[in-house]
Structure formats: structure tokens, C-alpha cells
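Accompanying notes for the structure given below.
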Amino acid sequence: MRRMMKIKEQILIFGGLALFLFVATYAFWQEGEAKKIRRQVAKSAGEECIESREYMRENHMLVLDEWRHSAVREGDRIHVTPDGREFEKNMSTCLGCHTGKQFFCYNCHQYASVKPNCWGCHQAQ
Amino acid sequence: MKKAFMPLIAVVLLAVIPYVAVQFAGLGFLFGVIIPYAAIAVFIGGFVYRVVDWARSPVPFRIPTTCGQEKSLDWIKQDKLESPSNFRQAAARVLTEVFFFRSLFRNTKAEAHNGPKLAYGSSKWLWLAGLAFHWSMLVIVLRHYRFFIAKVPGFVQILEGVDGFLDVTLPAFYLTNVIILAAITFLVVRRLLDAKMRLISLPTDYFPLFLILAIAVVGIFMRYITKVDVMSVKDLMINLVHFKPALPEGIGALFYVHLFLVCVLAIYFPFSKLMHMGGIFLSPTRNLSNDSREKRHVNPWNPDVKTRTYAEYEDEFRDKMKKANLPVERK
């Protein structure tokens, strides 16, 4: 009887421990490659981006946020880049250079698991 | 106060080390690859060691700390959660404790009023902050799986959706970020404001709080303000979990601060009070059923004492006892 109890306890404890190990090492069992998107994307656009590439990688959502605010709230719809080029503050401006959201925005976002809801209203053209 | 300041200084130093090392000494590989591997090894190895150690410790007696009516006569109502009498009820007791912190819900506060008057009142703040902190922590840890798994699993995306449901700010605002900051702040302030709490708080109570606070603050900074190249960070992590370590360029030093503090937490974890994560399931005062009046629990290492029952005694001396007119149980 006591031995039975002991075995039942051990099953519980080591079952729990196995569950912990599974959760803690879950990522190690998953398939998948690092994307190194850095190298692939640049070729899809013509001129320089509106800011340096490093800056855009980290801050493009802040740029869009600023555009949205200044365009809609303050009526300032023209963005002037540091080197003097002018762009309309518009989602299509980005996509004009960056071919299609699937291959540009989506590619990164799927990897980083971000789902901006912009495309629910703005057209992906 | 020294008890609170030393851990604070320790955490600040720990945060400065990787910043300097990566920014000025180019030790990215050490802090991005070697230390994380060491940390996860120590965390898992240490955790398993502690649990196995507990599992091997004998628990000869029933020692649950109950606070309700134990199972008795049929017409006396048993408090099944507070004084469980079988495995199922004990399991329910442990699980409700784990998920809802029922014991903290009972927390009371003693106040001395004018004159010799002592009043006890219920105090739910600790319970609320504890619950808020732990649940946020869980959600945040699970959300971080998005950096470790190339094809982000559905449950992570659901969590992100729920956590970011307010749908404000870019990058998306997560509720748990604010909740965890508020909760930790409360947990620190609670120890500092009350004289009794200050007295019983040790550096080991403050250190994990400050450490987790620092991790959260740096993380929030990285996400919303200074920004970091998330794509490269994910590349680094995916490479790590597939044992093909390679350090992408251009990750800001702040990220290494975040990562290093997490590594410190992971290494510190198994050897500190944080092991209550495993310990809560294994504490005999909580997980045993209160059935020592129903079943006999014999200490397994009791020495084999030779005993003699009264019946045996009487068998031997019955005749003599009868002759001496002593009462006997069997004729």
C-alpha cells in the first residue's frame, strides 16, 4: 500500500517536472530558419529610403505614426527627407517604392509576429 | 535601508556591465551567445536538481496547515478546500492556490488604535498585486516565444491580440507591460513603507523585485523608445535555439542589457526564493490531505521495536492473575 502511494507520488512529481522541461525547452524542438531578411529586401526598391536603412528597420512604425498624426491632425501632408526629397505622407508612398505589401511589409511582420491593422482600411497598392 | 540599497546597486551594476562590455569592448559574442547558453543550462539543471531533491525528501507524516473543518461525522459540514480529506480535494487546494493565491486572499492587517486597541482588517492589496504581477509575468514570458520560434505558434498570437486589444500606439501597447510595472512598484513600496515589513525584508526579497523591474523597464524602453532591430534579435535567438550560434550585427547595446539581466534571473532562480515556482507544488503543508484520523501513516524509518500487546500479556499471566483475584478481560 505504501509503495503504491510512493509510486503515485513519483509519477505526479516527475510528470510535473517533464511538463516544466517541455515548456522551458519548447523553442528548442521547433523547426525553422533564421530569416536574414536584411539581405533579401533591399533590391525591391529604386532610390534611397526616406531615412537610413538602419533607422527605418527600427523606427518605421514611428515614422508612420508621425505621418498619420501630422497629416490627419495638422494637415501637413508633405514629408521632406534630410536630403531634400519630398514625399506625400501616405501609405501608398511606401508601397510605391516597396513592391507590394506581401513581399515587403508582410515578410518581416510574419517573422516578427506583428499584425498592424492598417490594411483593414488602407489599400495595399 | 542598506538591505534595500545593496540589491538596487547590484542590479544597476549588473545592467552596466553588458552595456560597457558590448558598446566599448565588443564582447557581443560573450553576452549574446555564451552567457545565454550557460544561463539556460544552469536554470534547467538547477531547477531539476531542486525538484528531485525535494522529491527524494521523505514526508513521513501528514502536516497540512489547514484552516477549515476537517472531515468528521456526516452531519458536520467539511470544508473541502481548506481541509482536504483525499487526493482530489488536496489537488484542488494546490491548484486554486497556484492560480488564484487563495492564501493571500486571507491576508489581514493589524492596526494599533489609540488606547490598548488592536484591530484586524482584511487587506487584499497584496493578493491583488501578487496576482496581477504573476499573471502578467506569465503572459509576458509566453509572448516572448515569438522571438524563439520561427513560425510563431497560434497561442502566442492569441495572447498578443488579447494583451494588445486596446489597439493604441505604435508599436502596439500591451496591457501587461503597465500592469507588471504597477504591481512590482507596489510590491517594493509595500516592503519599504511599513516598519514591520522593513524589519523582516531581506536583501534577497528586494533583489528579485529590482531585477525583474529592471528587465521590464529596459524591455519597455527598447520596444517603445530607443528601439532595437527586432529582426536581428530574432535571428540571434533562432540561431541560438538551433545551436548554430551566430551574432547578427547592429543590435543595440540596450538589448544586451535586457538579455543579460534575464540570464542573471535564470541563473539566480534555482538557488533562491524564486524556486517557489516549483516548491508550491511540493510543499507538504499544502499538498497533503488531512486524513490522519482516517488512515494510519507509519513513519517508514521507525525502528523495528519489539512490542507486546496487553492481550499477549494476559495470555501469559491469566492463571496467576485469576489466583490473585485480579480482573482479566478474557476468562
## Note on the structure
Residue-normalised value, i.e. accessible area per residue, for the range A:53-118 at 1.4 Å probe, in Å², stands at 62 Å²
### Message
At 0.36 nm per residue, and after removing the present C-alpha to C-alpha distance, how many nm does the segment from B:Val168 to B:Lys109 gain when stretched out fully?
### Response
17.4 nm
### Task
State the percentage of accessible surface on the protein assembly as shown attributable to carbon and sulfur atoms; use a 1.4 Å probe and exclude ligands, DNA and RNA.
65 percent
### Query
If you keep only loop residues by DSSP, which trypsin sites (Lys or Arg not before Pro) in the range B:124-218 have at most 15 other Cβ atoms within 10 Å of their Cβ?
B:Lys124, B:Lys151
### Summary
Looking only at aspartates and glutamates whose Cα falls under 14 Å of B:Lys109's and that sit 8 or more positions away or on another chain, we get B:Asp194
## Note on the structure
Straight-line reach check, B:Lys77, cutoff 20 Å on alpha carbons, 8 or more apart in-chain or any other chain, hits among aspartates and glutamates -> B:Asp291, B:Glu294
### Cα pair distances exceeding 21 angstrom across the range A:53-118, given as percent
24 percent
## Note on the structure
Given unit charges at Cβ for Lys, Arg (+) and Asp, Glu (-), the dipole magnitude of the range A:53-118 about its Cα centre in debye, nearest 20, is 280 debye
### Query
Which entries in the list B:Lys124/B:Lys227; A:Lys8/B:Lys196; B:Lys80/B:Lys124 go over 32 Å, if you measure between the two C-alpha atoms of each?
B:Lys124/B:Lys227; A:Lys8/B:Lys196
### For chain B: accessible area per residue (Å², 1.4 Å)
58 Å²
### Reachable aspartates and glutamates, given that their alpha-carbon falls under 14 Å from the alpha-carbon of B:Lys2 and they are not under 8 places away in the same chain
B:Asp205
### Query
In whole percent, what relative contact order does the range A:53-118 give with Cα contacts below 8 Å and a gap of six or more residues?
17 percent
#### Entry: Total accessible surface hidden between A and B, rounded to 100 Å², 1.4 Å probe
3600 Å²
### Query
chain B: longest stretch without exposed chymotrypsin sites (Phe, Trp or Tyr not before Pro) (DSSP loop, at most 13 other Cβ within 10 Å), sites themselves excluded?
B:76-164
### Message
Can you tell me the orientation of helix B:310-323 relative to chain B, as the angle in degrees between its alpha-carbon axis and the longest Cα principal axis, to the nearest 10?
### Response
20 degrees
### Query
Which FRET efficiency value, to the nearest 0.05, is calculated for A:Glu54 and B:Lys124 with the Förster distance at 56 angstrom and r the Cβ-Cβ distance?
0.70
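The values are calculated or read from the model by the stated rules, or taken from the named source; none is laboratory data. Note that the structure is predicted; figures quoted are calculated from it, not measured. Glycine gets a Cβ as well: all are built from the backbone with ideal geometry, and neighbour counts include every protein chain shown. Protein only, heavy atoms only, side chains kept; ligands, DNA and RNA dropped before computing areas. Shrake-Rupley method; radii C 1.70, N 1.55, O 1.52, S 1.80 Å.
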